[in-house]
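The values are calculated or read from the model by the stated rules, or taken from the named source; none is laboratory data. Here the structure is a predicted model, which means the values were calculated and not measured. As a convention, Cβ positions derive from the backbone with ideal geometry for all residues, glycine included, and neighbour counts pool all protein chains shown. Note: areas computed on protein heavy atoms with side chains; ligands, DNA, RNA excluded. Shrake-Rupley method; radii C 1.70, N 1.55, O 1.52, S 1.80 Å.
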Amino acid sequence: MDGQETIAAIATPPGAGAIGIIRISGPGTRQIAKAMLGDLPPPRQASLRSFRGETGDVLDQGVALWFPSPASFTGEDLLELQGHGGPRLLDLVLARVLGAGARSARPGEFTERAFLNGKLDLAQAEAIADLIQAATATQARLASRSLQGIFSRHVRALVEGLTHLRVLIEAGLDFPDEELDARPVEPAAFDELIAAAEGLLSRTHQGELIRDGLMVVIAGPPNAGKSSLLNALVGSDAAIVTEIPGTTRDLLRAEIQLDGLPIRLVDTAGLRAATDPIEQEGVRRARAEIAQADHVILLTDDTQSPEAEPSIPRDIAEALPTGAPITLLRNKIDRSGRAAGVRERADGVTEVACSVLTGAGMDAFRQYLKAVAGYQGPDSGEFSARRRHVDALQRALEQLKAARDASRIAAAPELIAEELRQAQASLGEITGEVASDELLGRIFSEFCIGK
Ligand SMILES: Nc1nc2c(ncn2[C@@H]2O[C@H](COP(=O)(O)OP(=O)(O)OP(=O)(O)O)[C@@H](O)[C@H]2O)c(=O)[nH]1
Ligand SMILES: [K+]
Ligand SMILES: [Mg+2]
């Protein structure tokens with residue numbers, strides 16, 4: 001983006017409100033300010049002004065805030081007009097600004113310019129969107145910390161350590177004849193960096209869990225008690241429960257929080273070879289959800305086969321995304337007589353025995369859900385993070401380990417240097433030093449207009 005165009009947008013939410021704010025940024029802002037306000041207000045001071053139309057008529061009166069470049073949010077000349085919050089009035093004032101040479105801003109374009117002008121890095125820019133979209137107090141608190149640059153500082157510290165290693169290794173490449181320090185960098189030199197990367201990855205994962213949570217799909221044969229489980233977790237009669245098998249056909253979604261961990265629950269149609277076309281479609285949808293789940297809870301009715309060790313059907317196990325756990329929940333133990341609890345079987349399957357109806361074993365099940373996700377509680381979060389941050393850190397960690405392995409077998413220093421260079425590039429994706437236009441487009445299009 002060239003930053004040559006001047007952009008404008010209404011920055012306050014749609015609808016009537018006490019105050020409505022219009023934001024203008026870019027090289028034409030100064031001209032627009034003079035045309036509409038009569039003069040350029042003193043920088044960074046609230047100034048009462050009339051906002052004038054093309055013929056000099058007063059459209060509104062309010063506070064004008066003038067931030068000359070570079071000391072502004074975007075780094076460009078920026079003007080904020082704070083007038084009355086009537087939607088028609090705001091449209092009028094915006095039309096006037098556009099008529100004076102600005103164009104409508106795209107979603108997130110102000111923040112994108114702030115990023116491109118070095119006012120904040122990419123992780124901080126994402127934190128702005130997270131702050132605005134935060135649904136819980138914890139999410140807001142962590143997004144605010146990311147916006148303050150707490151996450152970015154951790155990433156930068158890692159990059160610094162990495163750069164130090166690169167300098168040592170690449171110096172050897174550039175001056176191979178100098179005998180002074182021709183000894184290869186010890187593998188131990190990588191260990192500290194790898195430990196730091198592992199620590200940051202774990203904290204980033206907590207931040208991602210608190211921001212995005214996970215999707216848990218409740219599946220199993222008809223009448224196992226899937227909808228009853230959804231209702232018990234939600235704490236209300238969200239789903240229809242009857243003793244008739246095949247009650248649920250549509251997918252039913254509900255969001256819950258376990259101790260600050262957001263969980264998107266999906267109740268599904270009972271899995272069986274249905275003849276009814278509506279139920280068939282329900283089963284098809286259930287399978288499609290399983291294929292996208294972060295965790296599948298497979299219910300069985302324990303009164304049906306209390307003696308057997310129920311197995312996980314192969315087709316279900318294979319439909320799951322790689323790495324997503326599947327848990328067997330033996331329900332209705334109030335009637336089968338089994339003791340409540342969580343146990344890991346010899347074949348590696350984790351089994352939860354509980355009664356959704358009486359609540360026996362349900363607390364242990366809730367604890368188990370958190371533990372499987374690796375969630376350490378609301379206080380474990382230090383900053384907000386996204387999936388792409390976790391992925392980038394994971395890649396950097398693998399590249400660091402590859403560099404250490406290469407140094408262990410005394411591989412060519414070029415190889416070690418290349419792994420380190422790639423690790424640094426992975427970390428650079430988080431803060432945006434390395435970012436494709438496609439990635440930027442994806443990130444900023446999620447913003448609201450005027451931000
Ligand atoms: N005794 C007992 N009955 C239960 C328990 N959980 C559910 N039920 C009963 O089992 C029956 C079926 O429950 P649902 O929740 O509708 O089962 P479902 O798996 O959603 O069934 P479909 O939607 O038809 O596939 C209902 O009569 C429930 O009251 C339990 O823990 N103990
Ligand atoms: K049912
Ligand atoms: Mg149901």
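A few notes on this one:
- Number of residues in region 220-267 that are more than 10 Å from ligand 1 (Cβ to nearest atom) and under 30 Å from Gln206 (Cβ atoms): the value is 20.
- Residue match in region 340-361 (condition: among the basic types (Lys, Arg), closer than 18 Å to Gly225 by Cα and loosely packed, with under 15 Cβ neighbours inside 10 Å): no
- The set of residues in region 148-171 that are among the small types (Gly, Ala, Ser) and either closer than 14 Å to Ile194 by Cα or crowded, with 19+ Cβ neighbours inside 10 Å (or both) comprises Ser152, Ala157, Gly161.
- Filtered residue count, region 1-58, keeping only those that are more than 23 Å from Glu112 (Cβ to Cβ), touching a Lys or Arg at 6+ places or on another chain (Cβ under 9 Å), of a type in the set (Gly, Ala, Ser) and surrounded by 15 or more Cβ atoms within 10 Å (Cβ to Cβ): 2
- Here Thr242 fulfils each of the conditions (1) within 10 Å of ligand 3 (Cβ to nearest atom); (2) of a type in the set (Val, Ile, Thr); (3) surrounded by 17 or more Cβ atoms within 10 Å (Cβ to Cβ) apart from (3).
- Here is the figure for region 263-280: residues that are modelled with pLDDT of 95 or more and either within 23 Å of the chain's Cα centre (by Cα) or open to solvent by 30 Å² or more (accessible area, probe 1.4 Å) (or both) total 4.
- Scan region 92-134 for residues that are open to solvent by 40 Å² or more (accessible area, probe 1.4 Å) and either touching a Leu at 6+ places or on another chain (Cβ under 7 Å) or without any contact (Cβ under 8 Å) to a residue 24 or more places away in the chain (or both) and the total you get is 5.
- In region 222-254, of all residues being in contact (Cβ under 8 Å) with a residue 24 or more places away in the chain and part of a strand (DSSP E or B), the one that is farthest from ligand 2 (Cβ to nearest atom) corresponds to Ala254.
- Taken as a whole, the condition of being closer than 19 Å to Asp363 by Cα and either within 16 Å of ligand 2 (Cβ to nearest atom) or acidic (Asp, Glu) (or both) applies to Asp259.
- Odd one out for Phe444, checked against (1) touching a Leu at 6+ places or on another chain (Cβ under 6 Å); (2) open to solvent by less than 20 Å² (accessible area, probe 1.4 Å); (3) touching a residue at least 60 places away in the same chain (Cβ under 8 Å); (4) not aliphatic (A, V, I, L, M): (1)
- Helices (runs of 4 or more DSSP H) enclosed by region 317-418 - at least 2 residues per element that are of a type in the set (S, T, N, Q): 387-408
- When restricted to residues that are part of a loop (DSSP other than H, G, I, E, B) and more than 30 Å from the chain's Cα centre (by Cα), region 281-316 contains 12.
- When residues in region 182-212 are screened for being surrounded by 23 or more Cβ atoms within 10 Å (Cβ to Cβ) and either on the phi > 0 side of the Ramachandran plot or polar (S, T, N, Q) (or both), 2 of them pass.
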